[in-house]
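Before any comments, here is the structure.
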Amino acid sequence: MSGNEPFDWSSTPAAVWRRHRSGLRAVRRLDPVQWSDLTGIDRQQQALARNTERFLAGDPSNNVLLWGARGTGKSSLIKALLNRYKERGLRIIEVDKDDLVNLPEIVDDICDLPFRFIIFCDDLSFDAGETGYKALKTVLEGSLELPPENVRVYATSNRRHLMPEFMSDNLNTRVQDGELHPAEAIDEQVSLADRFGLQLSFYAFSQEVYLQAIDDLFPDVAEREDLHREAIRFATSKGVRNGRTAQQFFRQFSGDDITR
């Protein structure tokens, strides 16, 4: 790729595409998060695992959009997915939004390799006037040339439709002969997300799910009531309950006697 020696995918399960660094860079320090480390998102895990296993088996499978509240495990789920399936030939290439114009080149270089590739776009969204999504559309569904059978796109986003939605968009919606005709701006917003056949939603944690995550992180603490009180106080100070908050609480207080 990019004029360098062929990339060694047999020993490298993940890479990052950086245009300003002349192409692919191997990920040398993989996040060790494991499938069993994730809590509170069982439904999303099951759906993603089934789709990925179908992809690895060569059966029909979908591109995936994981959207919803921040800190609820969307990115961690993709990292855990790689750790779970890398021995079965799964490979991941992370591509930033600014580098999506290079997607056709990236895909051309991997379409004939004996691995299954996920193009991972983390925290993906587009502002008004941006055009990078056009290259993404081509890889998702192809144009004259079909998208490669060994490539799928998994993206995470806080936006359900990936693009901004404005009140003014709805003002142009009209009714004609009893049928509702959405404005072209809305059609454009929805058409990109529609190309992801599997869409998984993530919501802010309830207090019960948040405390379940805390219990999983502190299995040896006997005084659960005190632990929960401190964890709730910590989440309240941050203004959000999610998996990220639970991890931050663990990093700050693990090893301390927080029951005092």
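Residues whose amide H falls under 5 Å from that of GLN199, counting only those 5 or more places apart or on a different chain, are LEU65, with hydrogens built in the peptide plane. Note that the range 93-100 has calculated 3J(HN,Hα) couplings of 10, 8, 10, 6, 4, 5, 9, 4 Hz, one per residue in order, obtained from phi through the Karplus relation 6.51 cos²θ - 1.76 cosθ + 1.60 (θ = phi - 60°); glycine and proline are x.
Give me the dipole magnitude in Debye, nearest 20, for the range 1-112 about the Cα centre, with unit charges on the beta carbon: positive for Lys and Arg, negative for Asp and Glu.
480
Using the Karplus relation 6.51 cos²θ - 1.76 cosθ + 1.60 with θ = phi - 60°, the per-residue 3J(HN,Hα) values for the range 10-16 come to 5, 10, 10, x, 8, 8, 10 Hz, with x marking Gly and Pro. For ALA204, nonlocal amide neighbours, meaning residues 5 or more places apart or on other chains whose placed amide H falls under 5 Å from its own, are ALA69. Of the cross-linked pairs LYS134/LYS238; LYS74/LYS134; LYS79/LYS134, which ones have a Cα-Cα span greater than 29 Å in the structure shown? Exceeds cut-off: LYS134/LYS238. The order of GLU208, GLU53 by accessible area, most exposed first and with a 1.4 Å probe, is GLU208, GLU53.
Each residue of the range 157-162 is assigned a 3J(HN,Hα), and the resulting list reads 7, 7, 9, 5, 9, 6 Hz, derived from the Karplus form 6.51 cos²θ - 1.76 cosθ + 1.60 (θ = phi - 60°), x at Gly and Pro.
The values are calculated or read from the model by the stated rules, or taken from the named source; none is laboratory data. Given the structure is predicted, the values throughout are model-derived calculations rather than measurements. Positions of Cβ are backbone-derived with ideal geometry, glycine not excepted, and every protein chain shown enters the neighbour counts. The protein model used for the area step is the full one, side chains on, heavy atoms only, and it has no ligands, DNA or RNA in it. Shrake-Rupley method; radii C 1.70, N 1.55, O 1.52, S 1.80 Å.
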